[in-house]
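**Q** Pasting a structure here, questions to come.
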Amino acid sequence: MNVILETERLILRPIEMNDAESLFLLESNPNVHKYLGNHPVKSLEESTAYIVSLQNQYKNNGIGRFAVILKESGEFIGWSGIKFITEEENKHINFYEIGYRLREEYWGKGFAYEAAKAWYDYAINELKVDTLYASAHIDNAGSRRILEKIGLKLKNEFIWNKEVPSVWYASN
């Protein structure tokens, strides 16, 4: 996987095995999972397994979730990226979805928007994706604001994963 994106403050690069502890720090925080069905990761092994699945996405689809690294410090602060979804979600299948997740101490600083905007531009301009999708918990005002700010439009409400009241966004 040779895609690396840079923004003013961030480097967006493929997630590597040596990111497992940082990923665990992110994914084990219950506050990070508040709008995701409240299923935080419980072990480093779960994070390692997730990295294996991400690396398979890179191989199979040429894209996936990438590490969000602060340029200033080299610190892993979360993930963002484009994922090719092959299972049905909100009556869609085989589509590109934009997503992001940051460590709690980096919320509200514009990093999620900065990463999401870079991936939106990449999807439209480089991947030539016809329609880019995203979903968010219906009550996650911060995430919804980011999706709207990068240019996605609210399409409908649905229940994600049989438990999470969500909203569906699309680029057109």
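**Q** Could you name the lysines whose alpha carbon sits less than 26 Å from that of K153, not counting residues in the same chain fewer than 8 places away?
**A** Here the lysines satisfying the reach criterion relative to K153 are K34, K83, K91, K109, K117, K128, K162.
**Q** For the chain, what is the Kirkwood estimate of the hydrodynamic radius, computed as the reciprocal of the mean inverse distance between distinct Cα atoms, to one decimal in Å?
**A** Result for the chain stands at 16.2 Å.
**Q** Could you work out how much longer the chain between K109 and N125 gets when fully extended? Use 0.36 nm per residue separation minus the Cα distance between them, nm to one decimal. If you can, show how the numbers build up before the last one.
**A** Details: separation 16, 0.36 × 16 = 5.76 nm, distance 2.60 nm.
Extending this stretch completely gives an extra 3.2 nm.
**Q** What percent do you get for the relative contact order of the chain when only Cα pairs under 8 Å and 6+ apart count? Could you put the intermediate results ahead of the total?
**A** Details: 312 pairs, mean separation 32.0, N = 172.
RCO, the chain: 19 percent.
**Q** Separate question: Going through the stretch 84-166, which trypsin sites (Lys or Arg not before Pro) have at most 15 other Cβ atoms within 10 Å and a DSSP loop state?
**A** Values: sites: K91, R101, R103, K109, K117, K128, R144, R145, K149, K153, K155, K162; in loops: K91, R103, K109, K128, K162.
Listed in order of number, the matching sites are K91, K109, K128, K162.
**Q** Where both residues lie in the chain, what percent of DSSP beta bridges are antiparallel, nearest 5? Mind showing how you got there, number by number?
**A** Values: 33 of 35 bridges.
Taking every DSSP beta bridge with both residues in the chain, the antiparallel ones total about 95 percent.
**Q** Given a 1.4 Å probe, how much area per residue of the chain is accessible, in Å²? Spell out each step's value before the answer.
**A** Working: 8960 Å² over 172 residues.
Per residue, the chain has an accessible area of 52 Å².
**Q** Report, to the nearest whole %, how much of the accessible area of the chain belongs to carbon and sulfur atoms, 1.4 Å probe, protein only. Mind dumping the intermediate values first?
**A** Numbers: 4290 of 8960 Å².
The nonpolar share, carbon plus sulfur, comes to 48 percent.
**Q** Trypsin sites (Lys or Arg not before Pro) within the stretch 40-88: which are DSSP loop residues with at most 14 other Cβ atoms inside 10 Å? Please report the intermediate quantities before stating the final value.
**A** Numbers: sites: K42, K59, R65, K71, K83; in loops: K42, K71.
Passing sites in the stretch 40-88 are K42, K71.
**Q** Continuing with the same structure: Report the per residue volume, in Å³, of the convex hull enclosing the C-alpha atoms of the stretch 81-172. Show your work: numbers first, answer last.
**A** Values: hull volume 8.7 nm³, N = 92.
Looking at the stretch 81-172, the number lands at 95 Å³ per residue.
The values are calculated or read from the model by the stated rules, or taken from the named source; none is laboratory data. The model shown is predicted, which means the values in this text are computed figures rather than measured ones. Every residue, glycine among them, receives a Cβ derived from its backbone with ideal geometry; neighbour counts consider all protein chains shown. The protein model used for the area step is the full one, side chains on, heavy atoms only, and it has no ligands, DNA or RNA in it. Shrake-Rupley method; radii C 1.70, N 1.55, O 1.52, S 1.80 Å.
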